[in-house]
Structure formats: structure tokens, C-alpha cells
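In what follows, a structure is listed as C-alpha cells, so that the remarks can point back to it.
The values are calculated or read from the model by the stated rules, or taken from the named source; none is laboratory data. Worth saying up front: this structure is predicted, and the values here are computed from it rather than measured. So basically every Cβ, Gly included, is an ideal-geometry build from the backbone, and we count neighbours across all protein chains shown.
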């Protein structure tokens, strides 16, 4: 199936826009996966939702503001989390992360990944949904995950991206295929699948793998980020082997994708992001294409900003 022309160019790094700050309780020592909130397309000031870690290493989601037009852009964080832990025993009792904010028409909706510990594996992940409350925090739409386990998705459901189109909602999500059982096996294996919905809450899953592992040594794909451009879909994600690296794919229908990882160039890199680049979030503002991404150590190195140069 033919798709849109890939975006050929380079991601020019602007620099690190945030790092851990122990004085902000929800942020702690890490700046994990982030996204922007809905806003005016022409504005260079964006609201950013960022995953942090508290003193007990539990993920929380907080809010900050970023001025893309600044010569040295930095995120100015709010002191309290925008979404905290779920109830004891719930799927998100031990952490919330990987935010994806969507304009739902009458409100802002937040999709996120919940964490809970398990016995024989370190944790389980499932997807939750919340909506913006009058006090600007997010309140849960459901205390249960919005995607149930199925025979095809029976382990964990991780990071997702949700896109609202005319008459339908699209989701791309991480589906866990296996936990490694022997020392020579990867710790875990996961890929990106797709789902559709009429309301963004009840989802149909055709069990189609959109982005699968391909390269030798690669075992996991996660954190999709999608835009519509030139009559098709463009996805950025991260691939995992010895370390996380960024990937890129194109699609005509959002279901069948062609990987073009070799076209993704990003730099110059610094000491905080030279060993690992992960958890991309791509967005358009003020006529340009931008990317938020995490650096070394799943974001302990910091959160970076890059600008796309040389659109084809």
C-alpha cells in the first residue's frame, strides 16, 4: 500500500529544556515521557505535561510551560502534580506516565499508562483516561483501564497515542508479547498495535501489529507519536535493543506502516542524550515541527527539544 512521502530532513536539537528537580516533589530526579496540551496552532507558548518520579520512584504527571521562541527555552513547572496515583489496588496505584493530551471537543482528555507491581514480573501496565477538571488537575473518567485484557493482549498495555479525526478516534498502543524467561532472552518484548473508537473510550482492536521488531538485537517498540501530513500518517517511536533509539514510519491508512528509521537524523547530541534518545512526542506549532524527547537513563539525563529542518 502506497503512503505519503517520508519527511526527509534533520532534527536539529535545541537543547535540554528540563531535568529532574528534587525541590518539586512530583518531578524528583527524572523527566520522563512528555506531551503538549491543546492550544492555538500559531502560539509559540505551549503547555507541557511531563512524567516525573517522586521520592519513592513512583511516576506522576505534572504540568509546565515552555516558550518555543526563547533563545534558551526551559520548562517552568507547577509545584503540584496534574495527575497523581490511583486508589490502592487499582491498575495505576503505583504510578502514572506517558501522557497523551487530546482535545475532546468539550474538554481536554488525558490518556496515560498506569503502573502496578506484580509477583513474578516487576510490574504490569494498563491504559487509563482522565479529563480536565475546573481546578486544572485531571480527574479519572474510569478507575479501571479503558482497554481490557484480551487473548491477543493478555499481558500489559503500555504507552499510547490517540488522534481524534472526523467521526472516529484512532489509537496506537504498546502491546506486550512476552517476558523473558531465560537469561539469554530480552527482559521483555513489546510492539505497537492499533485500535479505533467512536467516542475515545470504547475501543475495537483488530490485533494488527503496526510497528514490529525488525533488526537484529531489537526486541521492543514503544511510545508512538503520530501526525497527519501530506495526505497520510507519520509516526515517531522508540526502539529498544542495547539502548533506546528513535524510529520513524509512514502510512497511508494508519494501520499498515513502512519503517523509515534510516531517515531519522537528530543532533548535535550532548552528554545527557548521547547514550540514549527515547519517548518522542512530535507536534506542530507556529508553522514548524517540533519534538520533545528524553535522554539517557529513560529521561534521568533530561528532557530535550528538537526542531525539524528541511521538510521535503
(request) Go through the residues of the range 140-160 one by one and say whether even a single one is closer than 21 Å to residue 225 by Cβ, assigned to a strand (DSSP E or B) and either modelled with pLDDT under 95 or touching a helix residue (DSSP H, G or I) at 6+ places or on another chain (Cβ under 8 Å) (or both). (result) yes
Item to check | So residue 238, is it in contact (Cβ under 8 Å) with a residue 12 or more places away in the chain, under 24 Å from residue 283 (Cβ atoms) and touching a strand residue (DSSP E or B) at 6+ places or on another chain (Cβ under 7 Å) | outcome: yes
Restricted to the range 128-139 and to residues being in a loop (DSSP other than H, G, I, E, B) and either touching a helix residue (DSSP H, G or I) at 6+ places or on another chain (Cβ under 7 Å) or in contact (Cβ under 8 Å) with a residue 40 or more places away in the chain (or both), the residue farthest from residue 95 (Cα to Cα) is 136
Just one listed residue, out of 278, 222, 238, is crowded, with 23+ Cβ neighbours inside 10 Å, in contact with a helix residue (DSSP H, G or I) (Cβ under 8 Å, 6 or more places away or on another chain) and within 22 Å of residue 30 (Cβ to Cβ), and it is 278
Being touching a residue at least 60 places away in the same chain (Cβ under 8 Å) and out of contact with any strand residue (DSSP E or B) (no Cβ under 8 Å at 6 or more places or on another chain) narrows 167, 254, 231 down to just 231
So for the range 56-72 (the condition being touching a strand residue (DSSP E or B) at 6+ places or on another chain (Cβ under 9 Å), surrounded by fewer than 18 Cβ atoms within 10 Å (Cβ to Cβ) and assigned to a strand (DSSP E or B)), does at least one residue qualify?
yes
Going through (1) surrounded by fewer than 21 Cβ atoms within 10 Å (Cβ to Cβ); (2) modelled with pLDDT under 95; (3) closer than 21 Å to residue 121 by Cα one by one, residue 214 fails only at (3)
Condition set surrounded by 19 or more Cβ atoms within 10 Å (Cβ to Cβ) and part of a loop (DSSP other than H, G, I, E, B), scope the range 21-36, selection nearest to the chain's Cα centre (by Cα): answer is 33
Filtering the range 281-311 down to residues that are part of a strand (DSSP E or B) and crowded, with 20+ Cβ neighbours inside 10 Å yields 281, 282, 290, 291, 292, 293, 294, 303, 304, 305, 306
The number of residues in the range 86-104 that are under 16 Å from residue 52 (Cα atoms) and without any contact (Cβ under 8 Å) to a residue 60 or more places away in the chain is 6
